[in-house]
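Read the structure below first, then the notes.
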Amino acid sequence: MDKILIEGGRTLNGEVKISGAKNAALPILVSALLSDEVNTFTNVPDLKDIESTKILLKHLGARIDSDKDVVQIDAAGLNNHEAPYDLVRKMRASVLVLGPLLGRLKKARVSLPGGCAIGERPINLHLKGLAQLGADIKLKHGYVEATTKGLKGADIYLDIATVTGTENLMMGAVLADGVTIIRNAAKEPEVVALADVLNQMGAKIKDAGTSVITINGVESLHGTSFSIIPDRIEAGTFMVASALTKGDITLTDCAPMHLGACINKLKLTGARVTVGEKKIRVVGKDEIESVDVKTQPYPGFPTDMQAQFMVLMSIATGLSLISETIFENRFIHVSELKRMGADIKISGNAALIKGVPKLLGAPVMASDLRASASLILAGLVAHGQTEVNRVYHLDRGYQSIEAKFSRLGAAIKRIKA
Ligand code: EPU
């Protein structure tokens, strides 16, 4: 397995181009299943999870042509309704095919994803909503088996504003007969991007980005072209890198309006943040102020930035409290950061971080995608060498991360297995 070696202590300077968002690209690629015409997506990030999605879509009968960041999907030949264990196991977002398969083929057999490193992550709300849309759902031998005589619009209330749940139901509802209302819907920019693509394909979705989404079902969807929105979590990770290394990094091709919570919190730590139309410049300060953070659904502070922000707090001047309210087990990076000298105590869903003057490089083990990013950040600021093992998590969600950091002046390299 590959590992990443970092010689810490360099100040990072320069420009970094932000790639397309993984969590927008995944449902958007899947949405092509809803049409029998060709869909063309640009600014698609080059990631393991995107590869897994393409394999899944091909398995279901779609034809895919890719060239750099352009992906063309022709799902006219959609003929298979099964997402097998081996594909879903590699990427939980595979469950997003449930809605489109029910809409197009009136049946779906999708392996139930298991728990993962950050929590149990059930899909009960996806299934409950699809049942309300008229799917008959059975759980058999580790699979969700869903059939329908034809999905019908329904008034759905989500107990939790689940992101992929909202996306799955939106995709189920676009071809349903009648009106669907999704209440307590997720408001994340990735949900809005999916609604935008679907509307370009001919769907009638209103108010995505608010907590009540209304969908008027249509007969069929046509093809379209769409550019994937910038990755706000990749952007946030580089913003923290600049503050952490007392650097001066300008992010280009990003979407500052999706980063309000991160920008605000970073400013409170003392970093100087200036925002342009598609640019953000972060200049780090010598002293990093401690700031409390609570993860929340959008527009709150994203859980996907919690681990990275914790690294910044671990070398701040005082005490900071980070509360994780989205996932029940998203502090696995803490024990690795402690091995690098961080002073962190966990109690329930909160971590109390007492800033220390410096972190020390160490061999560490990445446990999930964002934890991996936090360990890279810790390595960049630590004294001495850090060896981040199990970096395949990182390749799922960060395009060319070591090349991007290296161009900013980091001493970072990948050791191939
Ligand atoms: N939940 C349920 N039942 C459900 C669905 C969700 O109890 O049916 C719970 C989850 O267990 C969790 C909470 O609701 O406690 C919120 O989970 P959500 O469903 O919103 O998360 P998700 O859709 O599975 C997406 C992102 C995650 C990101 C979360 C929260 C994608 C592909 N994944 O996951 O991204 O952390 O929303 O913003 O969009 C990542 O990129 O590293 C990542 C984990």
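The values are calculated or read from the model by the stated rules, or taken from the named source; none is laboratory data. Computed from a predicted structure; not experimentally measured. With ideal geometry, Cβ positions are generated from the backbone for all residues, glycine too; neighbour counts draw on all protein chains shown. Ligands, DNA and RNA are stripped out before the accessible areas are found, and what is left, the full protein with its side chains, is counted by its heavy atoms. Shrake-Rupley method; radii C 1.70, N 1.55, O 1.52, S 1.80 Å.
As a summary of the residue check, A185 satisfies the conditions (1) assigned to a helix (DSSP H, G or I); (2) within 27 Å of F41 (Cβ to Cβ); (3) within 13 Å of the ligand (Cβ to nearest atom) except for the one numbered (1). Confirm whether D231 is among the acidic types (D, E), touching a helix residue (DSSP H, G or I) at 6+ places or on another chain (Cβ under 7 Å) and within 23 Å of M310 (Cα to Cα). Yes: the conditions hold for D231.
Does V391 satisfy the criteria of being open to solvent by less than 20 Å² (accessible area, probe 1.4 Å) and assigned by TED's automatic domain parsing to the domain that holds A235? Considered against the rule, which asks whether it is open to solvent by less than 20 Å² (accessible area, probe 1.4 Å) and assigned by TED's automatic domain parsing to the domain that holds A235, V391 comes out as yes. For residues in the range 123-171 being part of a loop (DSSP other than H, G, I, E, B) and among the hydrophobic types (A, V, I, L, M, F, W, C), which is nearest to A108 (Cα to Cα)? By that ranking, first place goes to A135. Taken over the range 256-270, the criterion of being in a loop (DSSP other than H, G, I, E, B) and open to solvent by less than 10 Å² (accessible area, probe 1.4 Å) is satisfied by L259, T269. Counting only residues that are assigned to a strand (DSSP E or B) and within 25 Å of D286 (Cα to Cα), the range 346-375 holds 5 of them. Among the candidates T325, T317, the residue that is outside any strand (DSSP E or B), within 16 Å of the ligand (Cβ to nearest atom) and among the polar types (S, T, N, Q) is uniquely T325. Residues of the range 237-249 include none that is basic (K, R), touching a residue at least 40 places away in the same chain (Cβ under 8 Å) and crowded, with 20+ Cβ neighbours inside 10 Å. Under the condition of being assigned to a strand (DSSP E or B) and buried (at least 17 other Cβ atoms within 10 Å of the Cβ), the residues counted in the range 14-30 number 2. Of all residue pairs spaced 6 or more apart or on separate chains, those with beta-carbon atoms under 8 Å, a first member in the range 394-413 that is part of a helix (DSSP H, G or I) and a second member that is open to solvent by less than 10 Å² (accessible area, probe 1.4 Å) and of a type in the set (F, W, Y) are K404/F238. Contact map, the range 82-96: residues that are over 14 Å from A108 (Cβ atoms) paired with residues that are of a type in the set (D, E, K, R), Cβ distance under 8 Å, separation 6+ or inter-chain. Pairs shown: M91/D49; M91/R396; R92/R121; A93/D49. Looking at the range 49-104 only, could you name the residues that are under 22 Å from G172 (Cβ atoms), within 16 Å of the ligand (Cβ to nearest atom), among the β-branched types (V, I, T) and modelled with pLDDT of 95 or more? If the condition is that a residue be under 22 Å from G172 (Cβ atoms), within 16 Å of the ligand (Cβ to nearest atom), among the β-branched types (V, I, T) and modelled with pLDDT of 95 or more, then T53, V95, V97 are the ones that fit.
I'd like to check something: does the range 93-109 contain any residue that is within 18 Å of A146 (Cβ to Cβ), in contact with a Pro (Cβ under 9 Å, 6 or more places away or on another chain), of a type in the set (V, I, T) and crowded, with 17+ Cβ neighbours inside 10 Å? Checked the range 93-109: at least one residue is within 18 Å of A146 (Cβ to Cβ), in contact with a Pro (Cβ under 9 Å, 6 or more places away or on another chain), of a type in the set (V, I, T) and crowded, with 17+ Cβ neighbours inside 10 Å. Scanning the range 123-141 for residues that are under 27 Å from the mean Cα position of the chain (by Cα), open to solvent by 40 Å² or more (accessible area, probe 1.4 Å) and either at positive phi or near the ligand (Cβ under 9 Å from one of its atoms) (or both) gives N124, K128. With respect to K294, is the statement that it is surrounded by fewer than 22 Cβ atoms within 10 Å (Cβ to Cβ), part of a strand (DSSP E or B) and not assigned by TED's automatic domain parsing to the domain that holds D36 true? Judged against the criteria, K294 is a match. Scanning the range 31-64 for residues that are among the acidic types (D, E) and open to solvent by 10 Å² or more (accessible area, probe 1.4 Å) returns D36, E37, D46, E51.
From the residues in the range 65-88 that are out of contact with any strand residue (DSSP E or B) (no Cβ under 7 Å at 6 or more places or on another chain) and more than 19 Å from H222 (Cβ to Cβ), which one is surrounded by the most Cβ atoms within 10 Å (Cβ to Cβ)? Restricting to residues being out of contact with any strand residue (DSSP E or B) (no Cβ under 7 Å at 6 or more places or on another chain) and more than 19 Å from H222 (Cβ to Cβ), the top hit is L87.
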